[in-house]
1. Only one of A:27, A:9 is in a strand (DSSP E or B), modelled with pLDDT of 90 or more and either more than 20 Å from the chain's Cα centre (by Cα) or surrounded by fewer than 19 Cβ atoms within 10 Å (Cβ to Cβ) (or both). Can you tell me which?
2. Show the residue pairs meeting these rules: Cβ distance below 6 Å; 6+ apart or different chains; first residue within segment B:53-64 and assigned by TED's automatic domain parsing to the domain that holds residue B:35; second residue at pLDDT below 95 and assigned to a loop (DSSP other than H, G, I, E, B).
3. Only one of B:183, B:193, B:205 is among the charged types (D, E, K, R) and over 30 Å from residue B:24 (Cα atoms). Can you tell me which?
4. How many residues does segment B:266-306 hold that are of a type in the set (A, V, I, L, M, F, W, C), under 26 Å from residue B:209 (Cβ atoms) and within 8 Å of chain A (Cβ to nearest Cβ)?
5. More than 8 Å from every other protein chain (Cβ to nearest Cβ), over 15 Å from the mean Cα position of the chain (by Cα), of a type outside the set (D, E, K, R) and buried (at least 17 other Cβ atoms within 10 Å of the Cβ): is that true of residue B:101 in this structure?
6. Could you list, ordered by first residue, the pairs with Cβ atoms under 9 Å in which the first is in segment B:262-276 and closer than 15 Å to residue B:80 by Cα and the second is assigned to a strand (DSSP E or B) and among the aromatic types (Phe, Trp, Tyr), at least 6 apart or interchain?
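The values are calculated or read from the model by the stated rules, or taken from the named source; none is laboratory data. The structure displayed is predicted, hence computed values, not measured ones. Neighbour counts are summed over all protein chains in view; Cβ atoms, including those assigned to glycine, are modelled from backbone coordinates with ideal geometry.
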Amino acid sequence: MINEYVPNLAIIKKIIKETHNTNTYFLEFLDKKLQKSFSFIPGQFMMYSVFGAGESAISLSDIDNNNAITTTIRNVGSVTNSILNLKEGESIGIRGPYGAGWPFNEMKGKNVLIVAGGMGIAPLRGVITYIKKQRNDFGHLEIIYGARTPDDMIFKYEFGNWKRIKNTRLDLTADAIPVNSPFECKSGLVTSCFPSIKANHKNSIVLLCGPELMIRYAAKCLETIGFKDNQIYLSLERRMKCGIGKCGHCQIGLKYVCRDGPVFNYTDIKPFIHPL
Amino acid sequence: MKAFVIEKNNMKKLLQRFLEEYTVFGPNKPGPDSTFDEIKSIEQLHLDYVSTVLPPKKFFLPPKENLFSFDIKNGKFTIKQITSNEKILIFGIHPCDVHALLKLDKIFSGNFNDHYYQKRRKNTVIVALNCVEPSENSFCKSMQTGPFLNEGYDILLTDIGTNYLLEIGTATGQRLVNGLNFKNASKVDFQEKERRFKLMDKKFKKSMNTSWLPKIARENLDHNVWLDLADHGDVAGSFPCLSCGSCTFVCPTCYCYDIYDTMDLSLTSGTRNRELDSCQLLEYAEVALGGNFRRDRKDRIRHWMLCKFGAAAGGLNSSCVGCGRCIRVCPSKIDITEVAKTLRRD
């Protein structure tokens, strides 16, 4: 019987510093066979262990990169803090991938609107990379990305590449922009970028990820400007102990975020995220 | 499947047979505060018990256990799995508790099997005992989980006066009674079982109407009863909930757990542990940076009630079996059957 709770060891191949408290890691399983057979859908997550500190559920933040497992981690607690103390060449325990990814079948042939806040862009970067590669399978691509300050934005080195993707618009916004910021972006919440959305309501899919408060309001605003509930997909976050639908912690209404999500259709999850 | 009758003072022979192969656990004292404890002789076994404080889930999902141990040497990790192969037999488990195990079986299987739970479950023999005297708080009849059992047992016992009726449920059960030369059960013995089943019907003091209950619960997320339970009290004489988590600890279908690591003093080795958790505790729905999705007591007690009504993520796999343990242990006298009545406006 396979024991799903025991993590597999992986080596940190490379670390990229994203912000003062966020890094991107490229990992590889020690077990070559496991590494070769590893595949996932963007939007899925893995459980990362630092032995002695514990385990955390974090999304996969890009596809390809020579089949390396890419993840972007911000220091927000004890496990993530321990991960940020690790160096290249050190090992980490990982298991997964778990959960449901973004709905690529639904997106095919349609315009894609991506709305992300803060770390919420991480699980969506794989989608952008995929669309870039299979450009003709998708319609217009629009990326709205907001963060607290321009410095808190991750994947800044990708923005140029994203803008160059054919038939794509990138809209950046920050809550507060320091004086003399070398960075070009608007000021305000992600919802303030909504009036300039080009995607027409009929043939579009919206992918939404960020802090839950942002998700709630962004989803409401999207409804107001004419998107239907079933066109909106969102990725939720809860603390998870098992990642496989057993420990109960990530329950929201009738769903386990780990098993039924983390990517949900707005129709399915709407009754639970609004009143609670 | 076959059935036998066994004289009550012949139970020693049956226990002896079980002890040859298994570590046997059974109720160790009469009354409502019994405990499933190790049984080595017939004097220790009290099949006349009413209920146990902790349900038998403790054998499959222990309050605390080690999942695996790890060593750290020169920055390299080695993981050692911990699994137990102990074969146990639970003697005298009531129908409500058997039904709870059948529900937990579903929670801990599916796309991902829970290695630890499944292994223990496979190594366990269930000798169930039909209830002929309900506890003052039980309402298994309304939940269709008792007082008599139809499934989930290896051997099933029913008190029919001076004898027990012994019914075989599985090949393991049959193997265990082979060669013990018990008398075959007759039609009269089954008629006596039927008579006792009918007698039980009138003995229940509590009941819960479950038709449409999950839907009613889901559609009444802002019902006054939640605030009353949490802050005002007086839901059929209850005091405000203390969020102590006793209800979740004694509930046979509460399955939530926490996983955390502990290190030894040398910082070179440690274990990953699993411990029962409770949705009534503030930390349960906490996330990074101090966020909490169920910060209010009202939200936590509502979540538990919804879960037991079958209106949470566990669905009917985590719903109530009517054992009445939570009613007995609640220091605030909260009664789940009264909550259901208030919600239904009965």
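1. Details: A:27 fails: either more than 20 Å from the chain's Cα centre (by Cα) or surrounded by fewer than 19 Cβ atoms within 10 Å (Cβ to Cβ) (or both).
Step by step, each of A:27, A:9 is checked, and only A:9 is in a strand (DSSP E or B), modelled with pLDDT of 90 or more and either more than 20 Å from the chain's Cα centre (by Cα) or surrounded by fewer than 19 Cβ atoms within 10 Å (Cβ to Cβ) (or both).
2. If the second residue must be at pLDDT below 95 and assigned to a loop (DSSP other than H, G, I, E, B), the pairs left are B:53/B:33.
3. Values: B:183 fails: over 30 Å from residue B:24 (Cα atoms); B:193 fails: over 30 Å from residue B:24 (Cα atoms).
Unique residue meeting the criteria: B:205.
4. The first filter runs over segment B:266-306 and keeps only residues of a type in the set (A, V, I, L, M, F, W, C), leaving B:267, B:276, B:279, B:281-282, B:285, B:287-289, B:293, B:301, B:304-306.
Now narrow it down to the ones that are under 26 Å from residue B:209 (Cβ atoms): B:279, B:301, B:304-306.
Retained after the next criterion (residues that are within 8 Å of chain A (Cβ to nearest Cβ)): B:279.
Final tally of qualifying residues: 1.
5. Here the answer is no, as residue B:101 does not meet what is asked.
6. Close Cβ pairs satisfying both conditions: B:269/B:70; B:270/B:70; B:271/B:68; B:271/B:70; B:272/B:68; B:272/B:70; B:272/B:260; B:273/B:260.
Results for (1) out of contact with any Gly (no Cβ under 8 Å at 6 or more places or on another chain); (2) aromatic (Phe, Trp, Tyr); (3) surrounded by 23 or more Cβ atoms within 10 Å (Cβ to Cβ), shown as yes or no for each residue.
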position: B:265; (1), (2), (3): yes, no, no
position: B:275; (1), (2), (3): yes, no, no
position: B:299; (1), (2), (3): yes, no, no
position: B:314; (1), (2), (3): no, no, yes
position: B:318; (1), (2), (3): no, no, yes
position: B:326; (1), (2), (3): yes, no, no
position: B:334; (1), (2), (3): yes, no, yes
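Residues checked against (1) away from chain B (no Cβ under 13 Å); (2) closer than 30 Å to residue A:50 by Cβ; (3) modelled with pLDDT of 95 or more; (4) not in a loop (DSSP other than H, G, I, E, B):
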position: A:227; (1), (2), (3), (4): yes, no, no, no
position: A:230; (1), (2), (3), (4): yes, no, no, yes
position: A:233; (1), (2), (3), (4): yes, no, yes, yes
position: A:237; (1), (2), (3), (4): no, yes, no, no
position: A:240; (1), (2), (3), (4): no, yes, no, no
position: A:243; (1), (2), (3), (4): no, yes, no, no
position: A:249; (1), (2), (3), (4): no, yes, no, no
position: A:263; (1), (2), (3), (4): yes, yes, yes, yes
position: A:272; (1), (2), (3), (4): no, no, no, yes
